[in-house]
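J.: Would you mind keeping the following structure in view while I ask a few things?
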Amino acid sequence: MNKSPAGEITQLLLRWRAGERAALDSLLPLVYQQLRAMALRHLRRERSAHTLQRTALVHEAFLKLVDHANVDWQGRAQFFA
């Protein structure tokens, strides 16, 4: 069965929530570029002299997400919000 990317992300989030480490490993490549695009949009609103780069912002945010063991992910939209 061919899943949509959004559906696949939701399924991986649910599997990760259930404790499946492999789901997190599969999730990262699927969401990385979208997280970078979101970071770029956010950083464009910052003052011009800021020093944070979008890759660093994405990595910092993802580390915080991974550190929360009991997040009750409901799906892709909640994750990106």
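J.: Accessible area per residue of the chain at 1.4 Å probe, in Å²?
T.: That works out to 72 Å² per residue.
J.: Rg and Dmax in Å for segment 25-66, alpha carbons only: what are they?
T.: Considering segment 25-66 through its Cα atoms, Rg and Dmax are 11.0, 35 Å.
J.: In angstroms, what radius of gyration and Dmax does the chain have, counting Cα atoms only?
T.: 13.9, 48
J.: Give me the distance in nm between label points sitting 7 Å out from Cα along the Cα-to-Cβ direction at Ala61 and Arg36, one decimal.
T.: Each label point lies 7 Å from its Cα, and together they span 1.4 nm.
J.: Convex hull over the Cα atoms of segment 1-47, averaged projected area in nm²? Numbers along the way, then the final one.
T.: Numbers: hull surface 16.6 nm².
About 4.1 nm², averaged over all directions.
J.: How high is the relative contact order of the chain? Use alpha-carbon pairs under 8 Å, at least six apart in sequence, and give a whole percent.
T.: Relative contact order comes out at 43 percent.
J.: Tally up the carbon and sulfur contribution to the accessible surface of the chain as a whole percent, 1.4 Å probe, everything protein left in place.
T.: 52
J.: Give the peptides 33-44, 8-19 in descending order of average Cβ contacts within 10 Å, highest first.
T.: By packing density, highest mean first, the sequence is 8-19, 33-44.
J.: Distance in nm between label sites at Ser26 and Leu43, each 7 Å beyond Cα in the beta-carbon direction?
T.: In this crude spin-label approximation the distance works out to 3.1 nm.
The values are calculated or read from the model by the stated rules, or taken from the named source; none is laboratory data. Model, not experiment: these values are computed from the prediction. Positions of Cβ are generated from backbone atoms using ideal geometry, with glycine treated the same way; all protein chains shown enter the neighbour counts. SASA here: full protein model, heavy atoms, side chains in, ligands and nucleic acids out. Shrake-Rupley method; radii C 1.70, N 1.55, O 1.52, S 1.80 Å.
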